[in-house]
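Participant: Have a look at the structure that comes next, please.
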Amino acid sequence: MKIDRAGYPFIAGALVPAAGLAAARRYGWSAGFAILGGFLTYFFRDPERTIPGDANLVVAPADGRVMIAGPSEGRSAPPGAWQQVTIFLSPMDVHINRSPVSGRVTRIDYRPGSFLPAYDEGANDNELNEVWVDHDGRAVVFRQVVGILARRIVCRIAEGQQLSRGERIGLMKFGSRMDVFLPTDAQLRVSVGQRVVGGESVLATLEPAGAR
């Protein structure tokens, strides 16, 4: 399984001391660092995913548990009316983030903020990265939102870039959440509490602008 390059410094930071301590016969300490290195390798794993072929499907942007599925709350949502799906990622989930739809990136807004637990209501004020995508003439917005452990957002896309549905767009480190905002006529296909798999699980069906 592939490991994301963002994890290399963290993994090396654990395994190099483990090797040095083993060479010095400090096996107890070495084992601790080796276990940490194993966890970090697991955390930064980047498995391949099978993306659904139907162009009208919206896929999960990350692995995790659905926290919100329904009309968005006005205060925390982008301007306008939306259907919202929010996914909480625990430290054990794959943290690679993917685009929920295909289309052209029209805007990327980074907003500094706090670092409250991602499942908390106050997490709406956390540090986040907001991406707007023109999907067949329809606006779709998704957010990378950090949590109490995640202190850095990695975003590897740029404005004007054309995305494929399920394409890797970055990651967040050590626990976080993702929000997806869809037009109000999107037909949601997930419910609160459901587990989803990034790039594979279907969140909603969304028809292009000309089909409405």
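The values are calculated or read from the model by the stated rules, or taken from the named source; none is laboratory data. For clarity, every value in this text was computed on a predicted model and none was experimentally measured. Positions of Cβ are generated from backbone atoms using ideal geometry, with glycine treated the same way; all protein chains shown enter the neighbour counts. Ligands, DNA and RNA are stripped out before the accessible areas are found, and what is left, the full protein with its side chains, is counted by its heavy atoms. Shrake-Rupley method; radii C 1.70, N 1.55, O 1.52, S 1.80 Å.
Participant: Quick check on the stretch 180-207: of everything there that is of a type in the set (Val, Ile, Thr) and part of a loop (DSSP other than H, G, I, E, B), which residue is farthest from HIS95 (Cα to Cα)?
Facilitator: THR184
Participant: Looking at the stretch 69-85, which of its residues are modelled with pLDDT of 95 or more and crowded, with 17+ Cβ neighbours inside 10 Å?
Facilitator: Selection gives ALA69, TRP82, GLN83, GLN84, VAL85.
Participant: Cβ-Cβ under 7 Å, sequence separation 6+ or interchain: first residue in the stretch 1-30 and of a type outside the set (Gly, Ala, Ser), partner open to solvent by 80 Å² or more (accessible area, probe 1.4 Å) and part of a helix (DSSP H, G or I). Which pairs?
Facilitator: Cβ pairs passing all conditions: LEU21/TRP29.
Participant: Under 27 Å from GLY7 (Cβ atoms) and at pLDDT 95 or above, is that true of PHE142?
Facilitator: Here the answer is yes, as PHE142 does meet what is asked.
Participant: Moving on to the next point. Kindly indicate the residue of the stretch 149-159 that is under 15 Å from the mean Cα position of the chain (by Cα) and open to solvent by 50 Å² or more (accessible area, probe 1.4 Å) and also nearest to GLU48 (Cα to Cα) among those meeting that condition.
Facilitator: ARG156
Participant: Residues ALA123, ALA158, ALA150: which one is assigned to a loop (DSSP other than H, G, I, E, B), at pLDDT below 90 and out of contact with any helix residue (DSSP H, G or I) (no Cβ under 9 Å at 6 or more places or on another chain)?
Facilitator: Result: ALA150 is the single residue among ALA123, ALA158, ALA150 that is assigned to a loop (DSSP other than H, G, I, E, B), at pLDDT below 90 and out of contact with any helix residue (DSSP H, G or I) (no Cβ under 9 Å at 6 or more places or on another chain).
Participant: Which residue pairs have Cβ atoms under 6 Å apart, sit 6 or more places apart or on different chains, and have a first residue in the stretch 157-178 that is of a type in the set (S, T, N, Q) and a second that is modelled with pLDDT of 95 or more and surrounded by fewer than 22 Cβ atoms within 10 Å (Cβ to Cβ)?
Facilitator: As it stands, the answer is GLN161/VAL105; GLN162/ARG104; SER164/SER102, since those pairs meet every condition given.
Participant: Give me a count of the residues in the stretch 97-114 that are open to solvent by 10 Å² or more (accessible area, probe 1.4 Å) and among the aliphatic types (A, V, I, L, M).
Facilitator: 1
Participant: Quick test of your reading of the structure: GLU48 fulfils all but one of (1) open to solvent by less than 20 Å² (accessible area, probe 1.4 Å); (2) assigned to a loop (DSSP other than H, G, I, E, B). Name the failing condition by number.
Facilitator: (1)
Participant: Let me ask another. Would you confirm whether or not the stretch 11-28 contains a residue that is under 24 Å from VAL141 (Cβ atoms), surrounded by fewer than 18 Cβ atoms within 10 Å (Cβ to Cβ) and more than 17 Å from the chain's Cα centre (by Cα)?
Facilitator: No, there is no match, as no residue in the stretch 11-28 is under 24 Å from VAL141 (Cβ atoms), surrounded by fewer than 18 Cβ atoms within 10 Å (Cβ to Cβ) and more than 17 Å from the chain's Cα centre (by Cα).
Participant: Could you check how many residues of the stretch 160-190 are within 20 Å of ARG49 (Cα to Cα), buried (at least 18 other Cβ atoms within 10 Å of the Cβ) and not charged (D, E, K, R)?
Facilitator: Residues flagged as within 20 Å of ARG49 (Cα to Cα), buried (at least 18 other Cβ atoms within 10 Å of the Cβ) and not charged (D, E, K, R) within the stretch 160-190 amount to 9.
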